[in-house]
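The structure under discussion appears below in the form of structure tokens.
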Amino acid sequence: MLKSPPHERDHAFAATLAEERREGDRGFPLKRDVAVFVDELLGILFGQLSEGAAGTADELQARLTLAVRDLRHLVAPLVEPGEADRIVDAFAATMPAIHDRLQQDAQAIVEGDPAAESLDEVIAAYPGFLAIAIHRIAHELCGLGVRILPRLLAEVAHTRTGIDIHPGATIGRSFCIDHGTGIVIGETAVIGNDVKLYQGV
């Protein structure tokens, strides 16, 4: 039995991969782009997570406009044509509420962890806060019907913190994660208000 030369086999394999790409989704968001987006958004919401902690209202508005543009690019390939603008506008309208929720979460961690010295420390350095912050964003996008992107956001948080929260999980106000390594919160989980969750749960 004659075998094909290696270069012919390689080309046949490359052709198969190319066909799979033609049949699949185009413009699929990359995890690194998702990570850049969420870092910028959290940097806008919290000066402790931004290189330019100080900023005028005009400067922050300009950054927010760019972040919304980046979100539109991430969402557009994942939804029906014309839906991206509606979804992104709806998400942008929830930003004040998300910020308020995260302020409450950070305060709950300060009050729930005797080792926490300040709100600034919690926001800047606590993996539990980072995981909650990314979850609040992912959950909102999940509720708006965006597919895949919320899971990519959850994976960014999981990779960085060891905390695995499905974007479909419902989490109430003032949520405190203490340490957090090994926590898994599934899609059907419903967590009420003023809950403290320990590592390994």
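Some observations on this one:
- 3J(HN,Hα) couplings calculated from phi for the stretch 12-22 with the Karplus curve 6.51 cos²θ - 1.76 cosθ + 1.60 (θ = phi - 60°) are, in sequence order, 5, 5, 4, 5, 4, 4, 5, 5, 4, 5, 5 Hz; Gly and Pro show x.
- Within the stretch 91-110, backbone nitrogen closer than 20 Å to the virtual label 7 Å beyond the Cα of D58 toward Cβ: none
- Radius of gyration, Dmax [the chain; alpha carbons; angstrom]: 20.2, 74
- Measuring r between the beta carbons of N193 and D33 and using R0 = 35 Å, the FRET efficiency lands at 0.55.
- Over the stretch 126-201, Cα pairs under 8 Å with separation of 6+ residues give a relative contact order of 29 percent.
- Label positions at D89 and T159, each projected 7 Å from the Cα along the C-beta direction, are separated by 3.3 nm.
- Amide proton proximity set for I177, modelled H, under 5 Å, gap of 5+: L197
- GNM flexibility winner over the chain from E20, E117, E80 (Cα, springs under 10 Å): E20
- Ratio Rg/Rh, restricted to the stretch 50-147 and using Cα atoms, in which Rh is the Kirkwood radius: 1.03
- Charged-residue dipole, Cβ positions (Lys, Arg, Asp, Glu), the stretch 103-160 about Cα centre, Debye nearest 20: 480 debye
- Judged by the mean number of other Cβ atoms found within 10 Å, the most tightly packed of the peptides 186-196, 28-38 leads the ranking 28-38, 186-196.
- Each residue of the stretch 119-134 is assigned a 3J(HN,Hα), and the resulting list reads 4, 4, 4, 4, 5, 7, 10, 8, x, x, 5, 4, 5, 5, 4, 5 Hz, derived from the Karplus form 6.51 cos²θ - 1.76 cosθ + 1.60 (θ = phi - 60°), x at Gly and Pro.
None of the figures in this text is laboratory data; all of them are computed from the coordinates on show. Remember, predicted model here, so these are calculated numbers, not experimental data. Cβ atoms come from the backbone with ideal geometry, glycine included; neighbour counts cover every protein chain shown.
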